[in-house]
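Notes to accompany the following structure.
The values are calculated or read from the model by the stated rules, or taken from the named source; none is laboratory data. Source: prediction; values computed, not measured. Ideal geometry is used to build each Cβ from the backbone, glycine not excepted, and the neighbour counts take in all protein chains shown. Note: areas computed on protein heavy atoms with side chains; ligands, DNA, RNA excluded. Shrake-Rupley method; radii C 1.70, N 1.55, O 1.52, S 1.80 Å.
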Amino acid sequence: MNYASLIEKRRERFAAVEVLITDPNLFSDQKKASEIMQEHRRLKKLLDMWEDLTTAKTNLIENQELAKEDDAEMAEMAELEIPELEATIEELSEKVQYALLPRDPNEDRDALVEIRAGAGGDEASLFVGEVMGMYERYCASRGWKLQHLESSPSDVGGFKEVVLKVTGEEVFRYLKYESGVHRVQRVPATETQGRIHTSTITVAILPEAEDVDVELKKEDLHIQATRSGGSGGQHVNTTDSCVQITHLPTGLQVKCQDGRSQTQNRELGLQIMRAKLYEAKVREESDKYSAQRKSLIGSGDRSEKIRTYNFPQSRVTDHRINFTSHNLDGILNGQVGEITENLMKEEMEQRLADAGLE
């Protein structure tokens, strides 16, 4: 498909945005200014990629012609460069296609990560801790900031539940694929017969909500301070710093105790509640939109078994795209990118088909 007309529209919009960012009054509205600056970066990145793609295509044609020349040395040099140029063109074409797709408004948002133990008791709680460590290292590799909002430790050193906040560039775009049921197959340390046990945990990736996305009315909230429980230090356990928030219209509950004060736990709890309500709103709209054609890629269905971590075979399988890696240790060490890239590629192909941009 010829994208020249689409690129021209983006070029016109880029020129308009360039004018907007020179207006000093723009920054009186920080939210609007942030959105405009993000759009400016995206458009510039797209136009730069388009220029690189155009240049690569021109160079390929020139090299193909030079490869036919009578000068054997010149022809050989030109021939050697052709595979690299073809690979560059293929890579840039995919990136340009993706950048031309209608943008998910949540892609640039920060995210809350909820990890909960499912079936498997102690073994599941231990795996929650390991998956939390996997995300900690993955976030560090991408330069994202990770903050622990809430946790409920188990008696064996794992966690029944963990809530994390991740901030950075395009956090939700990359993390959204992690939502669903993660299954672990291995021989527990307490197993004397060497039998493989299967346990599950659930991961939910929630786009962070802002005040304008979800209005939390005082009359809709029941906020209760209680004594904190579990490990966390002397201060946490001996004060009424734990806060439980109930959203009365929906029955959603949030409990926060990891903060150092009741005020801090209240703010963290409201942040989590706002994200939960926003996710429910987005999911409802998404379900209406995709009633006729639903993609499992990035759908975030928490009941869906998305991935299996098989320790005896050092294998990780993502069931949505039938992708298997035998780099279990590396993935648990934060090397999630290989799986994410394949999921993104599959989703892009589906979205391109839907948008008629193939």
Task: Residue count for region 114-126, restricted to those that are assigned to a helix (DSSP H, G or I) and open to solvent by less than 20 Å² (accessible area, probe 1.4 Å) - done: 2
Open item on the list: Could you check region 328-358 and list, in sequence order, the residues that are modelled with pLDDT of 95 or more and either open to solvent by 60 Å² or more (accessible area, probe 1.4 Å) or over 22 Å from Val171 (Cβ atoms) (or both)?
Closed with: Leu328, Asp329, Asn333, Gln335
Open item on the list: Looking at region 62-76, can you tell me whether even one residue there is touching an Asp or Glu at 6+ places or on another chain (Cβ under 9 Å), in contact (Cβ under 8 Å) with a residue 12 or more places away in the chain, among the hydrophobic types (A, V, I, L, M, F, W, C) and open to solvent by less than 20 Å² (accessible area, probe 1.4 Å)?
Closed with: no
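Yes/no per residue for (1) in contact with a helix residue (DSSP H, G or I) (Cβ under 9 Å, 6 or more places away or on another chain); (2) in a loop (DSSP other than H, G, I, E, B); (3) under 14 Å from Glu130 (Cβ atoms):
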{"position": "Arg307", "(1), (2), (3)": "yes, no, yes"}
{"position": "Thr317", "(1), (2), (3)": "no, no, no"}
{"position": "Arg320", "(1), (2), (3)": "yes, yes, no"}
{"position": "Gly330", "(1), (2), (3)": "yes, no, yes"}
{"position": "Glu341", "(1), (2), (3)": "no, no, no"}
Open item on the list: If I filter region 33-49 down to residues being open to solvent by less than 30 Å² (accessible area, probe 1.4 Å) and out of contact with any Phe, Trp or Tyr (no Cβ under 8 Å at 6 or more places or on another chain), which single residue comes out as farthest from Leu100 (Cα to Cα)?
Closed with: Ile36
Task: Looking only at region 210-236, and only at residues there that are out of contact with any strand residue (DSSP E or B) (no Cβ under 9 Å at 6 or more places or on another chain) and at pLDDT 75 or above, the one that is nearest to Leu112 (Cα to Cα) - done: Val214
Open item on the list: Checking Gly168 against (1) open to solvent by less than 50 Å² (accessible area, probe 1.4 Å); (2) in contact (Cβ under 8 Å) with a residue 60 or more places away in the chain; (3) among the small types (Gly, Ala, Ser), only one condition comes out false. Which one?
Closed with: (2)
Task: Residue among Asp48, Asp23, Asp71 that alone is of a type outside the set (Ser, Thr, Tyr) and farther than 30 Å from Pro207 by Cβ - done: Asp71
TODO: Check region 287-303 and report whether any residue there is crowded, with 19+ Cβ neighbours inside 10 Å, over 30 Å from Val243 (Cβ atoms), at pLDDT 90 or above and in contact with a Leu (Cβ under 9 Å, 6 or more places away or on another chain).
DONE: no
Open item on the list: Looking for something open to solvent by 90 Å² or more (accessible area, probe 1.4 Å), assigned to a helix (DSSP H, G or I) and farther than 30 Å from Arg109 by Cβ - is there at least one such residue anywhere in region 50-61?
Closed with: yes
Task: Some residue of region 71-79 being of a type outside the set (Gly, Ala, Ser), over 30 Å from Glu279 (Cβ atoms) and outside any helix (DSSP H, G or I) - done: yes
TODO: Return the total of residues in region 1-32 being open to solvent by 100 Å² or more (accessible area, probe 1.4 Å) and touching a residue at least 40 places away in the same chain (Cβ under 8 Å).
DONE: 1
Open item on the list: If I filter region 19-49 down to residues being hydroxyl-bearing (Ser, Thr, Tyr) and part of a helix (DSSP H, G or I), which single residue comes out as nearest to the chain's Cα centre (by Cα)?
Closed with: Ser34
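Results for (1) part of a strand (DSSP E or B); (2) touching a residue at least 24 places away in the same chain (Cβ under 8 Å); (3) open to solvent by 20 Å² or more (accessible area, probe 1.4 Å), shown as yes or no for each residue.
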residue: Lys95; (1), (2), (3): no, yes, yes
residue: Glu107; (1), (2), (3): no, yes, no
residue: Leu112; (1), (2), (3): yes, yes, no
residue: Val128; (1), (2), (3): no, yes, no
residue: Met134; (1), (2), (3): no, yes, no
TODO: Would you confirm whether any residue within region 51-58 is over 28 Å from Phe172 (Cα atoms) and touching a helix residue (DSSP H, G or I) at 6+ places or on another chain (Cβ under 9 Å)?
DONE: yes
